[in-house]
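Engineer: First, the structure itself, so that you have it in front of you.
The values are calculated or read from the model by the stated rules, or taken from the named source; none is laboratory data. Given the structure is predicted, the values throughout are model-derived calculations rather than measurements. Note that we place each Cβ from the backbone using ideal geometry, even for glycine, and neighbour counts take in every protein chain shown.
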Amino acid sequence: MKTLAAESSQKQESDRIINDFSIQVATINGSGSQSSNNVLMRSIFQMGVPVSGKNLFPSNIAGLPTWFTIRASKEGYVARRRDSEILVAMNPQTAYEDVRSLKPGTVCISPVELKLDTIRQDVVHYQVPFTDLAAKATDQIKLRKLLTNMIYVGVVAQLLRIEEAEIDKAIRKQFEGKQKVIDLNLNAAAIGRNWARENLQKRDPYFIERLDKTKGKIIIDGNAAAAIGAMFAGASVVTWYPITPSSSLCETLIDYLKEYRVDKETGKATFAVIQAEDELAAIGMALGAGWAGARSMTSTSGPGISLMAEFAGYGYFTEIPTVIFDIQRVGPSTGMPTRTAQGDIIFAHLLSHGDTKHIVLFPATVEECYEMAMAAFDLAERFQTPVFVLSDLDLGMNNWMSDPFKYPLKPFDRGKVLTAEDLQKLGMFERYKDVDGDGICYRTLPGTKHPLAAYFTRGSGHNERSGYTERPEDYVHLMDRLNRKFNTARKHVPEPIVETAPNASIGIIACGSSHFAVQEGRDQLKAEAQLPVSYCRVRALPFTEHLRHFVEAHDHVYVVDQNRDGQLRDLIRLELPEHTMKIRSVRHYDGLPIDARFISEAILEQER
Amino acid sequence: MVDSLATPKGQAGPAPSTNRIGLTLADYKGSPSTLCDGCGHDAITSQIIKAFYELGVDPYRVAKLSGIGCSSKTPAYFLNRAHGFNAVHGRMPSIATGVSAANKELLQIGISGDGDTASIGIGQFCHVVRRNVPLLYLVENNGVYGLTKGQFSATADIGSRLKSGVVNDLPAIDLCGLAIELGCSFVARSFAGDPKQLVSLLKAAISHNGTAVLDIISPCVTFNNHEGSTKSYKHAKETDIPLHEIGYIPFYEQITVDYQAGEVEEVTMHDGSHVLLKKLGNDYDPTDRVGALNTIRKAYEQQQFLTGLIYIDESKPNFNELMHLVDEPLASLKEDRLRPPKQVLDEIMKSLM
């Protein structure tokens with residue numbers, strides 16, 4: 001330790017690493033460290049430095065290890081990085097393992113009593129008497145553990161030169177409205193800061209310096225963004241069953257709905273939120289509500305999607321609008337509930353027995369979580385069908401920086417619904433007749449006061465007049481029309497975002513939360529291997545014509561998947577069978593968010 | 001229009017050809033039944049048609065739902081002018097819950113069977129009852145799976161025999177007892193072969209504010225009407241013990257019937273209609289939840305088939321009331337009520353900066 005300290009204290013100004021490193025905080029879950037980590041992250045954000053936070057947590061309430069990684073990036077990169085430059089090793093259970101896995105030269109901040117300097121001499125140790133400092137912060141033994149977390153924030157802030165005022169501001173925001181808590185935490189952070197100032201000599205090159213790259217930006221997680229989208233989409237019947245990592249979507253939505261969708265005078269709600277007994281019921285309620293004309297939704301994750309399979313097929317076959325958010329986690333089965341994946345792409349798309357194809361949207365950013373939530377309701381009502389929004393744990397539960405969301409300009413699209421007046425004029429009504437030739441029929445809502453309005457919705461074979469049928473030609477007629485409707489959807493779903501790189505002969509195709517790692521990976525390939533790579537970010541199923549154009553414009557393409565089997569790759573091969581040989585695969589499936597290095601290395605290896 | 005006790009004095013003659021809203025009985029009919037001749041379900045369908053017709057309910061206000069099974073086919077056989085929803089097996093209650101939240105003005109009738117309710121759908125049955133979703137939940141209970149050709153269901157009595165001689169050695173699930181346990185606010189049991197009692201119970205259930213569970217023994221003439229069955233016409237008739245004689249007077253009519261004090265219990269329904277329960281010797285109180293459970297349990301042990309209004313509580317708020325919904329149906333709200341203004345988004349965005 002001493003030798004290294006002597007060396008690094010000689011660091012020249014030019015050796016400084018400013019606003020470009022990751023901090024990993026290892027704690028025990030349930031210890032309250034989440035608040036401290038948010039304060040640390042937010043203070044860097046307030047310094048104008050682009051930042052992202054990833055919480056790697058166990059499926060457990062208290063007592064198991066958890067790691068929070070904060071990445072500061074002056075370039076604005078927000079994907080996960082494999083290594084961190086600074087470790088705050090607060091968890092004795094994992095400290096030895098955590099320290100052993102560090103790159104040489106990493107900074108390690110730890111409680112002095114763990115004696116971590118004895119196991120690694122090639123890292124920069126800052127050993128802090130947290131127990132003594134916590135005793136100074138409060139007389140109450142119960143609170144010491146919590147306040148220890150804010151003490152390490154103070155230590156880290158001092159070492160990185162994060163301004164005191166920004167830490168204080170972030171604490172005030174974190175504990176908004178709770179003055180006593182704010183005071184305790186301000187004091188704890190100050191104790192950490194002062195101790196570090198008086199006792200630690202800076203022996204590492206890492207600094208946060210003020211930038212102006214976060215002005216006007218927001219920090220939000222994807223689930224909260226989707227919740228805001230759902231509220232502005234006018235969701236009126238929300239049904240759900242708690243499941244990680246989806247729960248916070250509905251919980252946040254409930255908070256917002258109570259705030260903004262309750263009549264101030266009467267106290268009455270323009271929404272119904274129902275916590276169902278299971279996901280079977282959650283989707284049943286959502287379909288019932290969609291059938292009756294409400295804007296309905298449910299939110300779940302993989303195991304819930306499995307349970308919803310039967311009703312999803314019902315909704316497709318009987319043509320009932322609803323929106324299903326799937327915040328993907330690692331499967332199959334219970335899998336790893338607190339780890340991320342894109343493992344439900346094929347399953348959600350084809351969910352149900354029999355020939356079924358659902359519209360699926362792939363948000364990649366928090367802004368798209370918001371926008372696609374709104375788009376999903378319009379598409380569901382336009383196409384009278386369940387629409388899936390496939391987010392994932394990484395996008396849904398981690399905090400992301402974003403431009404503020406824009407207020408929607410487009411009015412709701414409520415689709416083809418006939419009123420009593422329409423029926424009076426038409427003089428006839430057949431529920432499943434393709435009057436317009438686009439595969440989309442007209443529907444009526446129960447309660448429509450007209451003798452022609454009623455029809456019978458059934459999951460069994462039905463003809464154009466919604467009567468029961470087992471006639472072969474009726475069945476084929478219906479299935480072909482549903483296909484026609486699906487093809488119509490190709491022109492209405494969000495188009496891919498294509499970035500063509502000059503002189504690029506290869507391209508990357510990806511969807512959802514792989515996006516930021518892909519962007520950074522492309523920059524790495526260009527800068528380090530002089531390999532320009534184009535990028536097509538698919539945003540929906542069914543695919544649009546842009547996908548074919550993109551594949552045809554390149555020698556070959558790499559489809560990035562966060563699943564073992566290359567699900568997006570497989571769907572693209574099915575879509576473009578003549579290009580099968582051009583379609584290569586990059587697959588990441590260890591439960592952690594994909595990182596840029598993984599992508600650039602995988603591509604370079606296959607390019608050799 | 002009125003029945004049993006409630007028949008106004010001095011009124012007789014042919015039934016009127018139209019009801020109070022000017023519709024004929026034919027306006028309440030459905031497509032022809034495809035069930036077996038003599039099926040109990042068809043007898044129930046007739047009484048459903050009669051009840052809605054006589055009450056003068058406008059069919060467009062009704063949503064008729066079902067699950068899967070012989071019973072669940074029947075919504076196609078009544079009220080062709082009402083929207084129908086034949087859901088997946090055992091999941092009608094969740095559909096009803098969603099429909100009700102979306103449009104609380106709809107009058108929902110859900111038809112289920114003993115397989116659809118007591119086996120695959122028992123979870124949703126329990127939860128729709130627990131929530132008190134406005135729904136007439138009618139179980140056409142015959143103790144067997146008809147559509148799959150006669151396997152026992154979970155309401156088959158212990159010791160009852162299939163045609164093939166197989167004996168059921170598992171106890172029956174008593175849906176009325178279960179419903180009361182779960183806090184159901186209207187629980188009745190009847191028999192497809194007793195149209196008079198059935199139609200009164202149906203009318204009372206239509207007037208009820210919340211979940212009304214009607215467990216109707218509805219014999220399966222093909223698979224469960226033989227000697228040794230406890231769900232046959234013969235067995236039901238022989239063991240049927242009515243708790244009371246039931247009359248129903250709709251809210252738009254005066255009670256003109258004469259009765260001695262103490263011999264009739266009168267229950268005022270949420271919509272102002274009245275149910276009159278004429279005592280039949282036993283002193284049964286359908287507002288006593290514990291007493292109702294005891295009575296059902298005793299009858300089960302004595303192999304008696306008790307029918308009538310077993311339990312009622314008109315004071316319980318329904319699910320939509322608990323959710324404090326706006327007055328108009330959520331389904332009819334337009335963008336101006338559903339999408340908050342731009343200031344709201346600005347406010348939220350500011351809080352996230």
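Engineer: Of all residues in the range A:291-333 being more than 23 Å from residue A:465 (Cα to Cα) and of a type in the set (Asp, Glu), which is farthest from the other protein chains (Cβ to nearest Cβ)?
Structural biologist: A:326
Engineer: If you take just the helices (runs of 4 or more DSSP H) that sit entirely in the range B:276-353, which of them hold at least 1 residues that are within 9 Å of another protein chain (Cβ to nearest Cβ) and over 27 Å from residue B:255 (Cα atoms)? Reasoning before the result, please.
Structural biologist: Values: elements: B:289-301, B:319-322, B:335-338, B:342-351.
In the range B:276-353, the matching helices (runs of 4 or more DSSP H) lie at B:319-322, B:335-338, B:342-351.
Engineer: Moving on to the next point. Please state which one of A:49, A:78 is in contact with a helix residue (DSSP H, G or I) (Cβ under 8 Å, 6 or more places away or on another chain) and either crowded, with 20+ Cβ neighbours inside 10 Å or over 18 Å from residue A:161 (Cβ atoms) (or both). Please lay out each step first, then the result.
Structural biologist: Details: A:49 fails: in contact with a helix residue (DSSP H, G or I) (Cβ under 8 Å, 6 or more places away or on another chain).
Criteria check complete, one pass: A:78.
Engineer: Right, another one. Considering every residue within the range A:274-281, establish whether at least one is at pLDDT 95 or above, farther than 17 Å from residue B:95 by Cα, buried (at least 24 other Cβ atoms within 10 Å of the Cβ) and out of contact with any strand residue (DSSP E or B) (no Cβ under 6 Å at 6 or more places or on another chain).
Structural biologist: The answer is no, given that none of the residues of the range A:274-281 is at pLDDT 95 or above, farther than 17 Å from residue B:95 by Cα, buried (at least 24 other Cβ atoms within 10 Å of the Cβ) and out of contact with any strand residue (DSSP E or B) (no Cβ under 6 Å at 6 or more places or on another chain).
Engineer: Next up: Run down A:221, A:204 and say which single residue is more than 14 Å from every other protein chain (Cβ to nearest Cβ), touching a residue at least 12 places away in the same chain (Cβ under 8 Å) and among the charged types (D, E, K, R).
Structural biologist: Details: A:221 fails: more than 14 Å from every other protein chain (Cβ to nearest Cβ).
A:204 is the lone residue from the list that is more than 14 Å from every other protein chain (Cβ to nearest Cβ), touching a residue at least 12 places away in the same chain (Cβ under 8 Å) and among the charged types (D, E, K, R).
Engineer: What tally of residues in the range A:544-566 results from selecting those that are buried (at least 18 other Cβ atoms within 10 Å of the Cβ) and out of contact with any strand residue (DSSP E or B) (no Cβ under 6 Å at 6 or more places or on another chain)? Please lay out each step first, then the result.
Structural biologist: So in the range A:544-566, the residues buried (at least 18 other Cβ atoms within 10 Å of the Cβ) come out as A:544, A:547, A:550-551, A:554, A:557-563, A:566.
Now drop any that are not out of contact with any strand residue (DSSP E or B) (no Cβ under 6 Å at 6 or more places or on another chain), which leaves A:544, A:547, A:562-563.
Number of matching residues: 4.
Engineer: Mind checking whether some residue in the range B:51-60 is closer than 24 Å to residue A:319 by Cα, modelled with pLDDT of 95 or more and facing chain A (nearest Cβ under 10 Å)? Give the derivation first.
Structural biologist: Going through the range B:51-60, the residues closer than 24 Å to residue A:319 by Cα turn out to be B:59-60.
Retained after the next criterion (residues that are modelled with pLDDT of 95 or more): B:59-60.
This time we only want the ones that are facing chain A (nearest Cβ under 10 Å), so: B:59-60.
Looking for residues that are closer than 24 Å to residue A:319 by Cα, modelled with pLDDT of 95 or more and facing chain A (nearest Cβ under 10 Å), one finds at least one in the range B:51-60, hence yes.
Engineer: Which members of the range B:173-227 meet the condition of being in a helix (DSSP H, G or I) and aliphatic (A, V, I, L, M)?
Structural biologist: The first filter runs over the range B:173-227 and keeps only residues in a helix (DSSP H, G or I), leaving B:175-181, B:195-207.
Answer for the range B:173-227, where residues must be in a helix (DSSP H, G or I) and aliphatic (A, V, I, L, M): B:175, B:178, B:179, B:180, B:198, B:199, B:201, B:202, B:204, B:205, B:206.
Engineer: Would you confirm whether any residue within the range B:92-105 is polar (S, T, N, Q), closer than 23 Å to residue B:219 by Cβ, within 11 Å of chain A (Cβ to nearest Cβ) and assigned to a helix (DSSP H, G or I)?
Structural biologist: Here is the first cut: in the range B:92-105, the residues polar (S, T, N, Q) are B:94, B:97, B:100, B:103.
If we keep only those that are closer than 23 Å to residue B:219 by Cβ too, we end up with none.
Checked against the condition, which is being polar (S, T, N, Q), closer than 23 Å to residue B:219 by Cβ, within 11 Å of chain A (Cβ to nearest Cβ) and assigned to a helix (DSSP H, G or I), the range B:92-105 yields no hits at all.
Engineer: Could you go through the range A:468-488 and let me know if any residue there is within 14 Å of chain B (Cβ to nearest Cβ), closer than 30 Å to residue B:30 by Cα and not acidic (Asp, Glu). Spell out the reasoning first.
Structural biologist: If we filter the range A:468-488 for residues that are within 14 Å of chain B (Cβ to nearest Cβ), which is where we start, we get A:468-470.
From the residues that got through so far, the ones that are closer than 30 Å to residue B:30 by Cα too are A:468-470.
This time we only want the ones that are not acidic (Asp, Glu), so: A:468-469.
Yes, the conditions are met somewhere in the range A:468-488.
Engineer: Identify the residue in the range B:4-37 that is small (Gly, Ala, Ser) and either within 23 Å of residue B:136 (Cα to Cα) or modelled with pLDDT of 95 or more (or both) and, among all such residues, is farthest from the chain's Cα centre (by Cα). Show your work before the answer.
Structural biologist: Pass one, the range B:4-37, residues small (Gly, Ala, Ser): B:4, B:6, B:10, B:12-13, B:15, B:17, B:22, B:26, B:30-31, B:33.
The next check asks that each one be either within 23 Å of residue B:136 (Cα to Cα) or modelled with pLDDT of 95 or more (or both); those that pass are B:4, B:6, B:22, B:26, B:30-31, B:33.
Details: B:4: 20, B:6: 21, B:22: 25, B:26: 22, B:30: 18, B:31: 21, B:33: 20 Å.
Per the criteria, the residue is B:22.
Engineer: Would you please name the residue that is surrounded by the fewest Cβ atoms within 10 Å (Cβ to Cβ), looking only at residues in the range B:293-310 that are over 15 Å from residue B:239 (Cβ atoms) and within 18 Å of the chain's Cα centre (by Cα)?
Structural biologist: Residue satisfying both the conditions and the ranking: B:310.
Engineer: Kindly list the number of the only condition in (1) under 17 Å from the mean Cα position of the chain (by Cα); (2) polar (S, T, N, Q); (3) surrounded by fewer than 24 Cβ atoms within 10 Å (Cβ to Cβ) that fails for residue A:334.
Structural biologist: Result: residue A:334 passes all but (1).
Engineer: Residue A:122 - would you say it is touching a His at 6+ places or on another chain (Cβ under 6 Å), of a type in the set (D, E, K, R) and not in a strand (DSSP E or B)?
Structural biologist: Numbers: touching a His at 6+ places or on another chain (Cβ under 6 Å): no; of a type in the set (D, E, K, R): yes; not in a strand (DSSP E or B): yes.
In short, no.
Engineer: Here's something else I'd like to know. Do we find that residue A:366 is within 12 Å of chain B (Cβ to nearest Cβ), in contact with a strand residue (DSSP E or B) (Cβ under 6 Å, 6 or more places away or on another chain) and under 19 Å from residue A:297 (Cβ atoms) in this structure?
Structural biologist: Here the answer is yes, as residue A:366 does meet what is asked.
Engineer: Let me ask something else. Kindly establish whether residue A:497 is among the β-branched types (Val, Ile, Thr) and either touching a residue at least 60 places away in the same chain (Cβ under 8 Å) or surrounded by 22 or more Cβ atoms within 10 Å (Cβ to Cβ) (or both). It would help to see each step written out before you state the result.
Structural biologist: Details: among the β-branched types (Val, Ile, Thr): yes; either touching a residue at least 60 places away in the same chain (Cβ under 8 Å) or surrounded by 22 or more Cβ atoms within 10 Å (Cβ to Cβ) (or both): no.
No, not satisfied.
Engineer: Please work out if residue A:408 is assigned to a loop (DSSP other than H, G, I, E, B), more than 14 Å from every other protein chain (Cβ to nearest Cβ) and either at positive phi or at pLDDT 95 or above (or both).
Structural biologist: On the way: assigned to a loop (DSSP other than H, G, I, E, B): yes; more than 14 Å from every other protein chain (Cβ to nearest Cβ): no; either at positive phi or at pLDDT 95 or above (or both): yes.
No.
Engineer: From the set of residues in the range A:19-38 that are part of a strand (DSSP E or B) and touching a residue at least 60 places away in the same chain (Cβ under 8 Å), which is surrounded by the most Cβ atoms within 10 Å (Cβ to Cβ)? Full working, then the answer.
Structural biologist: As a first pass, look at the range A:19-38 and keep what is part of a strand (DSSP E or B): A:20-28.
Going one step further and asking which of them are touching a residue at least 60 places away in the same chain (Cβ under 8 Å), we end up with A:21-28.
Values: A:21: 23, A:22: 20, A:23: 26, A:24: 22, A:25: 28, A:26: 25, A:27: 25, A:28: 20.
Checked the range A:19-38; the qualifying residue surrounded by the most Cβ atoms within 10 Å (Cβ to Cβ) is A:25.
Engineer: What pairs come up if the first residue lies in the range A:145-170 and is surrounded by fewer than 24 Cβ atoms within 10 Å (Cβ to Cβ), the second is at pLDDT 95 or above and part of a loop (DSSP other than H, G, I, E, B), and their beta carbons are under 6 Å apart, counting only those six or more places apart or on different chains?
Structural biologist: A:166/A:47
Engineer: If you go through the range A:277-297 one residue at a time, do you hit one that is over 26 Å from residue B:135 (Cα atoms), touching a residue at least 40 places away in the same chain (Cβ under 8 Å), of a type in the set (Gly, Ala, Ser) and assigned by TED's automatic domain parsing to the domain that holds residue A:362?
Structural biologist: Going through the range A:277-297, the residues over 26 Å from residue B:135 (Cα atoms) turn out to be none.
No, the range A:277-297 contains no residue that is over 26 Å from residue B:135 (Cα atoms), touching a residue at least 40 places away in the same chain (Cβ under 8 Å), of a type in the set (Gly, Ala, Ser) and assigned by TED's automatic domain parsing to the domain that holds residue A:362.
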